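Here is the structure we will look at, set down as structure tokens.
The numbers here are math on the coordinates, done by the rules we state, and not lab data. Computed from a predicted model, the values in this text were never measured in an experiment. All Cβ positions, even for glycine, are placed from backbone atoms using ideal geometry, and neighbour counts span all protein chains on display.
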Amino acid sequence: MIKQEKSDLDQYFPVHRNDYGKCFDIILTSCYSGWESPIQELLLSRFDREDTKLYLQSQQFANFNDEIAQQITELLQGLPLAISQAASFVRENKISLQSFCQLYREFEIKEKSKIELHSQDQDSLVFLTTLMLTLEKLRSDNQHVDSLMYVAAFLSCHNLEKDLSHCWYYCLEKQLKEQSEQEGREFQELSSDEREKMFKKCDEGLKLLCSYSLISCVEETHTQQEENSDRPKNVVVATYKVHSLIQSGVRLVLERNYLFNDYLMNVIGWLEPQLDYNEEDATEISRGGLLIPHAIAIIKFLKNPDSFEFIELFEGIARHQLIGVGNYKAALEYFGRTLENKQNWYGKGHSSSGNTLVNIAIAYMALGDYEKAKNFLTRGFELCRIQYGDNHPKTARNLIRLGILFYELGVYERAKHCVSRGLNIYRKHFNEENSIFISSKSILESILQRSKGY
């Protein structure tokens, strides 16, 4: 289990070690420092000379002695992540360990004032120095590769292979558009061949970042059935991850260069439209589930999360909690925040709140709290009716929802009235063989059947 902060974890932990008749321990890696008992911290040890020596040998370094191992250990304070990056830097640039030590010291002197702006902690200074040295080398030798790392700094640290390339391309295209506007020329969309080349560059960049130990890659072989063949084939699938500490360091570099907000807003700009998916499409729902970890990761970087700029981000997370995974309590939390922001920015009676109120009502209905649902659904219905009009299919859909709500409350006449109105509107848009019309008619028949005894 990997958690960045303390939130709703009690359900995952036994109260006592011998709960359920088992004796077991749970190891949790976390950046959260405020854990209470019974959490016991297990601090990782620094490398000593022998640890460094063994690690370098495991990385196929042969021409070094105990003195050089001691020098690397002291220079990098025995920090495993910094030593790993140093070894990768040496290997990729085909230099000696002694040359790296000299290069590190020169870079440290040159950048010391800038690095110290971000941290006075010695360990952080060492880590940031190795990171910035690596990023500078990448930037000078490989166009766009450092921007891949800048985008990765804001995404969830797991499963980057699914989204990093698309997010990076979105950010790159947006930067090219802005550059065209500044230069007073028309932006030319990239052709399909040019886009394919850019994605190929992205794949090459990911491999390069792996070679520098900025991200890690695990390759697994999966068996897939070939089309028009009974013979399965083996496919190698690469899974990319990035250490959260490296992400933090990269974000500090962006702050130093006044690029933090630009990259943050670009990532949000890529993410928000994809969270507004078709709720009836199982493929899109599944895709949304892969994006939610990125959206939740981004929230903690928002300096003003109540800004109107982030309303769609919170609503997208809320919709997936409601529709995609059925986590109704989480949906209520995010919809509640969305509603508050909308009302603060647009006013309580604004039509933009209509769908949010309806979705809150749906969550309460799923939890069986029909009285609360009634309050939100009636308000949401009126705002949506004003927005879409009396004869719109969305108005009909909300009337059907009201019918179901009144049915559950035992108010059958009102339930029948609402569903009948909804069906009359649907008749103007769909034929009676349409699945929406058929399901709505079935609801009305259930209400009529139930109301016979009352």
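Before moving on, here are some points about what is shown:
- Separation of region 332-351 and region 162-202, taken as the distance between their Cα centroids, equals 35 angstrom.
- In region 178-273, the chymotrypsin sites (Phe, Trp or Tyr not before Pro) that fall in loop regions by DSSP, at most 10 other Cβ within 10 Å: 258
- In sequence order, region 243-253 has phi-based couplings of 5, 4, 5, 5, 4, 4, x, 5, 5, 5, 4 Hz under the Karplus curve 6.51 cos²θ - 1.76 cosθ + 1.60, θ = phi - 60°, and Gly or Pro positions carry x.
- Label-to-label distance, residue 50 versus residue 435, with points set 7 angstrom from Cα along the beta-carbon direction: 6.6 nm.
- The stretch between residue 296 and residue 110, if pulled fully straight at 0.36 nm per residue, gains 63.3 nm over its current Cα-Cα span.
- ³J(HN,Hα) computed for each position of region 181-189 - Karplus, 6.51 cos²θ - 1.76 cosθ + 1.60, integer Hz, glycine/proline x: 5, 5, 8, x, 10, 6, 7, 9, 4
- Its residues counted as N, the chain yields a C-alpha radius of gyration over 2.2 N^0.38 Å of 1.25.
- Net length gained if the chain between residue 238 and residue 62 were fully extended (0.36 nm per residue, minus Cα distance): 60.4 nm
- Working note: Karplus 6.51/-1.76/1.60 with θ = phi - 60° gives region 86-95 the couplings 4, 4, 5, 4, 4, 5, 5, 9, 6, 10 Hz, where Gly and Pro are set to x.
- Net charge over other residues, Cβ less than 12 angstrom from the Cβ of residue 59 (K, R count +1; D, E count -1): +1
- FRET E, pair residue 176, residue 448, Förster distance 60 Å, beta-carbon r, rounded to 0.05: 0.50
- Its DSSP H runs of at least 4 residues, each contributing -39,500 (n - 2.57), put the calculated 222 nm mean residue ellipticity of the chain at -20000 deg cm²/dmol, to the nearest 500.
- Point-to-point label distance, residue 348-residue 158, nm (Cα→Cβ direction, 7 Å offset): 4.2 nm
- The simple spin-label model puts a point 7 Å past each Cα toward its Cβ; for residue 143 and residue 390 those points are separated by 6.2 nm.
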